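The next block holds one structure in the form of C-alpha cells; read it before the comments.
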Amino acid sequence: MAVTKVGYAALAVTDLNSAVEHYVNNVGLSITERTKTEVYLRSPGDQDHHSVVLRESSRAGLDRFGIKMGDPDDLAELETLAERAGAQVRRLPAGSEPGIGEILAFRLPSEHEVWAYHSTQNIGFAEGMDNPDPVGVDSAIGSIGAQHLDHVALCAPDIDDLSKFLIEVLDFDESEVVVAPDGKRAVTFLFCTNTMHDVAIVPGPGAGLHHVSFEGENRAAIVRAVELLRHRDVPTMAYGMTRHGLAGVTTTYFHDPSGNRNELFSGPYATPGAQGMVPPIEWEISELGRGAFYYENELDMPFMTTVT
Ligand SMILES: [Fe+2]
C-alpha cells in the first residue's frame, strides 16, 4: 500500500468570492469546476482535476485533505488497517466529489478528515502535455507563481499519536523531528513522496490547520512573491521572507482573506531512500528558534499560535 501524494486541501473560507480571487490572482491557481457549494482549483503543475477545494463556511479552516493511493486495491487494505487502528471508515461512491473516483473517508486521531482515493481525472499540466512552454501559462503571470501543492501542516494536541497513525497505517516516514525534553515529538515532518515533507505536524488544537503550502520555482521567486504580496496588501509575516533551519527551505507565509495561512517556499531536499532506510534528523527543542526561523533565530509566537 502506498500514499503517492497529498492530492488536495479542501479549505473552509468565510467569503467564497474573495477566497477564489485570492487563490486565482495571488497564488496562481486556475478554476477547474464549480458546484453549488464548492470551487475546485489546481496549480499549473498539478495534473489531477484539483489540488485545492474552497467551500464557504461560518469559520475558516481545513475541511479535509485528500491522499492519492498508488493502487486500486490500496483502498481495501487501508480500510482494514485504519479500522484496526480505531478509525471509523466510510466509503463514498465515485461521483461524490468531482474528478475523483471511489473514496475512503476517515478521521485521523487529531480529528482531521481524510479522503483517500486512487482514481482521478487527469487533466495534464496547465502548459499542456505536448511540447509545453517552460515559461508557464498566461493565467498565472501576475501571481506569485505557485507551481504545485506541496504539503499541509496540521495542528495536533498529541503529535506522537498522529505521527504513529501516519507512519504505521499510512506508511509515511519521518525526515526531521523536534524532540521535547520528555522525549516526545514537539514538531515533525513526514513524507510519502521523494520530497522531505508532505505533512508537517505542529502543536495546536485538533483538526486545526497551520498552513497549506505551495512550491515556488526557486529562491528568487520567493523574493518576488513577498514584494507582490506586500504590493497587494496581502497579510504576510512582519519580516516577509525567511529561511527554515528545519528543511533548509526559503519561505514566505501569508493569509487568504479568511485567515487560512498559505506558504510559498523553495528548496526542499529529496528524501534519502525508501521508508525506514535513514533515521530522521533530530532537533533539540532549545534549537527550535533557529530551526523555524534561521535568520531571526527566535520563534515568532503568533506563527505558532495563530491557526485556523
Ligand atoms: Fe510548510
In region 107-121, residues that are in a loop (DSSP other than H, G, I, E, B) and out of contact with any helix residue (DSSP H, G or I) (no Cβ under 9 Å at 6 or more places or on another chain) total 3
Might you let me know whether region 172-179 holds any residue that is outside any strand (DSSP E or B) and within 16 Å of the ligand (Cβ to nearest atom)? yes
Among the listed residues LEU62, LEU92, which satisfies the condition of being touching a strand residue (DSSP E or B) at 6+ places or on another chain (Cβ under 6 Å) and surrounded by fewer than 21 Cβ atoms within 10 Å (Cβ to Cβ)? LEU92
Right, ALA225: within 16 Å of the ligand (Cβ to nearest atom), part of a loop (DSSP other than H, G, I, E, B) and not acidic (Asp, Glu) or not? no
Within region 286-305, restricting to residues that are touching a strand residue (DSSP E or B) at 6+ places or on another chain (Cβ under 7 Å) and farther than 23 Å from LEU209 by Cβ, the one that is surrounded by the fewest Cβ atoms within 10 Å (Cβ to Cβ) is TYR295
Going by what's in this entry, would ALA94 be described as in contact with a Gly (Cβ under 8 Å, 6 or more places away or on another chain), part of a loop (DSSP other than H, G, I, E, B) and over 30 Å from GLU217 (Cα atoms)? yes
Anything in region 151-210 that is in contact with a Lys or Arg (Cβ under 6 Å, 6 or more places away or on another chain) and aliphatic (A, V, I, L, M)? List them, or say none. ILE159, VAL177
Please specify each residue of region 125-153 satisfying the condition of being away from the ligand (no atom under 16 Å from the Cβ) and touching a Pro at 6+ places or on another chain (Cβ under 9 Å). PHE125, ALA126, GLU127, GLY136, VAL137, SER139, ALA140, GLY145
Unmet criterion (only one of (1) away from the ligand (no atom under 14 Å from the Cβ); (2) touching a His at 6+ places or on another chain (Cβ under 8 Å)) for ASN218: (2)
Can you confirm whether region 278-293 contains a residue that is within 14 Å of the ligand (Cβ to nearest atom) and farther than 27 Å from LYS5 by Cβ? yes
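Since every read-out is calculated from the coordinates, none of them should be taken as a lab result. Keep in mind the model is a prediction, meaning the values are calculated, not measured. Glycine also receives a Cβ, built like all others from the backbone with ideal geometry; neighbour counts cover every protein chain displayed.
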